[in-house]
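A quick write-up on the structure given underneath.
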Amino acid sequence: MSKRDYYKVLDVARTATEAEIKKAYRRLAMKFHPDRNPNDAEAEEKFKECKEAYEVLTDAQKRAIYDQHGHEGLAARGGGGYSASDAFSDIFGDVFGDIFGGGRRGGRQQVFRGADLRYDLELDLEQAVFGHSADIEFTTLTECEPCSGSGAAPGSKPVTCDTCNGAGQVRMQQGFFAVQQTCPRCKGRGQIISQPCDSCLGQGRLRQKKTLNIKVPQGVDNGDRIRLTGEGEAGRNGGPAGDLYVEIRVKEHAIFERDGSHLSCEVPVSFSTATLGGTVEVPTLGGNVELKVPGETQSGRVFRLREKGVKPVRGGATGDLFCRVVVETPVNLTEEQKELLRAFDASMHESKRNHSPRESTWLDGVKRFFDTIRS
Ligand SMILES: [Zn+2]
Ligand SMILES: [Zn+2]
């Protein structure tokens, strides 16, 4: 191999920074990449030359040796020996990572990002409110270990498909129309695996069970999604893995209803407590608290317990707990208790006071209703 000056190969100054070298290399490598220049030996040679220059000039130690002693210096050190066989295998990982990072089918090389996965995680309200740690198990496509995802048996390498020259697409002439189609030979991969890996039968990926520990932050709600980057299906042809979305489902609670950061519940109160006033125990997610019920509390009245709701996962104030009082009609009365109630009712009728504010307003309303009908 002719040894051209590495700086000239990359067309950079001798004082070029690593970023400048990387940029120059990226530009040239794109230009000379074999996938863009199928069956072009000259381009391939240039590509290898660029890569060699790039590798030396981005390695501080090698660059120093090269600057002082040139190619001979590197050769003498033994570190300059460069094998061309790995020229194409690893560059997508480093320099091109951010170009083809999306993994969509933009480039000539068919790089496929793995599919995203969704996992529905069902939580109790308490787990959603206070946070939770759960092991989830799911089936996914993982990279095959023996072949590192290449699909080729260890020791062999995939070869460029000669039907499509590695493009993964072929043009078919149908009458006047030229149709672009996925290459039937390589199924769009651009490469043919002559010796398939035994473990994955050439697929590069295996369907396997995977267990992950999920940390659910406190305050999550129904429909919230936790994204676990790279935990989806493995990519193909060196493409990045997809993501795993854990979607939260919160089970219905026996007592509480949730509305964002607020909780609400019904609190049954006895007829006498509602009338005379008193305290009742009210459950909250943090334990029971006492609620003072003032005398003459009507059924349906709502009491607000501040900050006894939920601290939202996206920040903000902790919500409140709304307790709706439901006055209970007593059941299973003894004959004696019934007699007491009848006596009580009679005394209510004798009294000149208004004991039934609701009934009075209701009756007024009814009266007005009939008056408007008559007039
Ligand atoms: Zn092909
Ligand atoms: Zn394999």
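The values are calculated or read from the model by the stated rules, or taken from the named source; none is laboratory data. Computed from a predicted structure; not experimentally measured. Ideal geometry is used to build each Cβ from the backbone, glycine not excepted, and the neighbour counts take in all protein chains shown. When the accessible area is computed, the model is the full protein with side chains, heavy atoms only, and any ligands, DNA or RNA have been set aside. Shrake-Rupley method; radii C 1.70, N 1.55, O 1.52, S 1.80 Å.
Quick notes on this structure:
- Given (1) in contact (Cβ under 8 Å) with a residue 60 or more places away in the chain; (2) within 12 Å of ligand 2 (Cβ to nearest atom); (3) surrounded by fewer than 17 Cβ atoms within 10 Å (Cβ to Cβ), index of the condition residue 206 fails: (3)
- Selected residue (only one of 14, 36, 27 is within 37 Å of the chain's Cα centre (by Cα), open to solvent by 100 Å² or more (accessible area, probe 1.4 Å) and more than 13 Å from residue 51 (Cα to Cα)): 36
- Residue match in the range 113-128 (condition: buried (at least 18 other Cβ atoms within 10 Å of the Cβ), assigned to a loop (DSSP other than H, G, I, E, B) and in contact (Cβ under 8 Å) with a residue 40 or more places away in the chain): yes
- Complete set of residues in the range 160-203 that are within 12 Å of ligand 2 (Cβ to nearest atom) and surrounded by fewer than 17 Cβ atoms within 10 Å (Cβ to Cβ): 195, 198, 199, 201
- Residue match in the range 256-270 (condition: open to solvent by less than 30 Å² (accessible area, probe 1.4 Å), acidic (Asp, Glu) and either touching a residue at least 24 places away in the same chain (Cβ under 8 Å) or touching a His at 6+ places or on another chain (Cβ under 7 Å) (or both)): no
- Taking the criterion of being open to solvent by less than 60 Å² (accessible area, probe 1.4 Å) and in a strand (DSSP E or B), the residues of the range 243-255 that qualify are 244, 245, 246, 247, 248, 250.
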